[in-house]
Amino acid sequence: MKRKAVSIMKNITDYIDTAMGRAVPDIILKGGNIINVFTGEITRADVAVKNGIICGVGTYSGDNETDVSGKYIMPGFIDAHVHIESSMTTPIEYAKAVMPHGITTVIADPHEIANVCGEDGLKYMKEASKNIPLDINLMLPSCVPATPFEHSGAIFTAERTKEIANDYFGIAEMMNYPGILSCDSETIGKLCGDIIDGHAPLLSGRGLDAYISAGIKTDHECTLAEEMSEKIGKGMYVLLREGTLSHDMEKLISAVTPHTLRRCAFCTDDRFVGEIIRDGSIDHCIRKATSLGVSSVDAIIMATLNPCEIYGMKNKGAIAPGYIADIVVSEDLSLNKITKVYKNGTLVCENGKSLFNSGAVYVSKVTDTVHLPQITADFFYNSPPETFTAIEFVQDSIITKKVTACKGDKLSKVCVIERHKNLGTKGIAYVTNYGITNGAIAASIGHDSHNIIVIGDNDSDMALAVNALGKSGGISVCSDGDVIAKMNLDIAGLMSVKSADEVIAEHDSLYEAAKSLNITDKIDPFLSIAFLPLPVIPEIRITDSGLFDVTEFKFI
């Protein structure tokens, strides 16, 4: 999926004749309020489309008119950084969820499935993304695994990265920023191509300068306004994130000014399909930004033109002549009622419903990916000292805090178990503010190597929860020796083969079961533990190799 500019030369005379009124447009959107992302103005006009390209914005008439009087016409929205796997659905089900919300293009990093299945995972994502109206621009994962401090299902070397880089839209988020700063040759060797996404939480000063000097120009990990301002001031683009667990917008919005606006875009990163369908995706980001004081038009610019310019997507991101006809029609600027979505000039969604389907995708090489023996309760035996280092969750964030705990404190035991090659490695630690009682939760979602993670207050239920995952993986909730809820995630232990509606129903049952175990309301019971093994997010993590201090970049 090598990045390429969209050419409009093939049918240039058709476009000229349509613009001049000598040829009949395929579609005329009549009388809408056009959002001009170049000037910030809203003007009433018709939009003429031919062969998937906008040919004219003015006054047109013909047989194919659609009355959009009083409605707002804007470009299709773009998610500047997303892991489709985190929706827990396949690419087609993901597309059917996001496109009714106006999303027509995503910059997708498939590093979740790549860490489990390697190049077979990438092949699956490519095949599953075909014949879908959503533009899924696949990046090539740069961190498989994210660091050498855990065991993943695959390893992408710098040599292999260079060999296949041209088949992808760009290089996905470079998470191993310590490897960049130390000039590790293997890490540096993966920085090939024109587009390289970043991932540098709280990095500043000389370290940030060095990171940017390596050719990395985006970041979606800002959690402080001053961090965002420094990164933009040094030439980076910042992607403001509103995912399921990470809600960064409110903390960052003050750094969006008339001067910085054009350096900003939106992303969801990790967002569950249920939230997408219920609350939206990038349309939710636009509403959130508007509620925090950004004008609706500026927020739409951040969701359309800006990401196109960041990622070099020519002829996309505007309602203007010569631009691809990715068009959103909304009753108002709140985007609460998007009535039509066009992709390449074809109506693909109407009144909240997708109008497309796709066939089955061959998945045999990305199933049965959990390789573990039967686990018993004594597998989790651990005798900590009287005082020890523990993990504290931070609400609405994937950042954690390193704290000192005592043996008598109310703690939750957490264990990460290698699941790809049955190596037998495990790491055990304690969490201070999860609150689980009388049970355990296990999952095959553990960013980014996706080893098994289990958390609980007793070893018997923890063993039961892990064993309940079987070969397919998924999520299980156990209590008092019973499996009280379970979801299979057959594709790499990350995605369900079922419809989005079925996934949401199963997840709702899991959530209710988890909440019956008294997990604190301030913590998402699943996503909070899913990010605990990620050893590139401050301050402290647990991997299958042990408790890891991210700040010091070494094991505790």
Restricting segment 1-20 to residues that are surrounded by 15 or more Cβ atoms within 10 Å (Cβ to Cβ), over 12 Å from Gly322 (Cβ atoms) and at pLDDT 60 or above, the residue that is nearest to the chain's Cα centre (by Cα): Asp14
Segment 530-556 - residue that is in a loop (DSSP other than H, G, I, E, B) and open to solvent by 40 Å² or more (accessible area, probe 1.4 Å) and, of those, nearest to Asn433 (Cα to Cα): Glu539
Every residue in segment 86-127 that is farther than 23 Å from Asn306 by Cβ, acidic (Asp, Glu) and out of contact with any Gly (no Cβ under 9 Å at 6 or more places or on another chain), please. Glu93, Glu119, Asp120, Glu127
Asn438 vs. criteria touching an Asp or Glu at 6+ places or on another chain (Cβ under 7 Å), at pLDDT below 95 and assigned to a loop (DSSP other than H, G, I, E, B): no
Here the residues within segment 38-66 that are open to solvent by 20 Å² or more (accessible area, probe 1.4 Å), touching a residue at least 24 places away in the same chain (Cβ under 8 Å) and small (Gly, Ala, Ser) are Gly40, Ser61, Gly62
Listed residues Gly153, Gly70; which is on the phi > 0 side of the Ramachandran plot and open to solvent by 10 Å² or more (accessible area, probe 1.4 Å)? Gly70
Selection status of Asp508, part of a helix (DSSP H, G or I), open to solvent by 10 Å² or more (accessible area, probe 1.4 Å) and either farther than 20 Å from Ala440 by Cβ or in contact (Cβ under 8 Å) with a residue 12 or more places away in the chain (or both): yes
Looking at this structure, is Thr161 closer than 26 Å to Met313 by Cα, surrounded by 24 or more Cβ atoms within 10 Å (Cβ to Cβ) and either within 17 Å of the chain's Cα centre (by Cα) or at pLDDT 95 or above (or both)? no
Kindly check whether there is at least one residue in segment 107-117 that is open to solvent by less than 10 Å² (accessible area, probe 1.4 Å), assigned to a helix (DSSP H, G or I) and in contact with a strand residue (DSSP E or B) (Cβ under 8 Å, 6 or more places away or on another chain). yes
Can you confirm whether segment 392-413 contains a residue that is buried (at least 24 other Cβ atoms within 10 Å of the Cβ), part of a strand (DSSP E or B) and among the β-branched types (Val, Ile, Thr)? no
Looking at (1) outside any loop (DSSP other than H, G, I, E, B); (2) buried (at least 23 other Cβ atoms within 10 Å of the Cβ); (3) aromatic (Phe, Trp, Tyr), which is the only condition Tyr430 fails? (2)
Looking at Leu138, Leu202 in this structure, which one is modelled with pLDDT of 95 or more and of a type in the set (A, V, I, L, M)? Leu138
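For (1) out of contact with any Gly (no Cβ under 9 Å at 6 or more places or on another chain); (2) closer than 20 Å to Thr268 by Cβ; (3) not aromatic (Phe, Trp, Tyr), each residue gets a yes or a no:
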site: Ala200; (1), (2), (3): no, yes, yes
site: Ile212; (1), (2), (3): no, no, yes
site: Ser229; (1), (2), (3): yes, no, yes
site: Leu239; (1), (2), (3): yes, yes, yes
site: Asp248; (1), (2), (3): yes, yes, yes
site: Lys251; (1), (2), (3): yes, yes, yes
If we keep only residues of segment 21-37 that are free of Cβ contacts under 8 Å to residues at least 60 places away in the same chain and open to solvent by 60 Å² or more (accessible area, probe 1.4 Å), then the residue farthest from the chain's Cα centre (by Cα) is Arg22
How do the pairs read when you match residues in segment 369-388 that are open to solvent by less than 70 Å² (accessible area, probe 1.4 Å) with residues anywhere that are at pLDDT 90 or above and acidic (Asp, Glu), using Cβ under 7 Å and keeping only pairs 6 or more apart or on different chains? Ala377/Asp459; Phe380/Asp459
I'd like to know if segment 512-529 contains one or more residues that are buried (at least 19 other Cβ atoms within 10 Å of the Cβ), on the phi < 0 side of the Ramachandran plot, of a type in the set (Ser, Thr, Tyr) and not in a strand (DSSP E or B). yes
Yes or no: segment 474-494 includes at least one residue that is touching an Asp or Glu at 6+ places or on another chain (Cβ under 6 Å), part of a strand (DSSP E or B) and within 18 Å of Leu411 (Cα to Cα). yes
Only one of these conditions is not met by Gly424: (1) on the phi > 0 side of the Ramachandran plot; (2) in contact (Cβ under 8 Å) with a residue 40 or more places away in the chain; (3) surrounded by fewer than 17 Cβ atoms within 10 Å (Cβ to Cβ). Which number is it? (2)
Select the helices (runs of 4 or more DSSP H) contained entirely in segment 176-252, then report the ones holding at least 2 residues which are open to solvent by 10 Å² or more (accessible area, probe 1.4 Å) and without any contact (Cβ under 8 Å) to a residue 24 or more places away in the chain. 205-213
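The values are calculated or read from the model by the stated rules, or taken from the named source; none is laboratory data. None of the values given here were measured: they were computed from a predicted structure. With ideal geometry, Cβ positions are generated from the backbone for all residues, glycine too; neighbour counts draw on all protein chains shown. The protein model used for the area step is the full one, side chains on, heavy atoms only, and it has no ligands, DNA or RNA in it. Shrake-Rupley method; radii C 1.70, N 1.55, O 1.52, S 1.80 Å.
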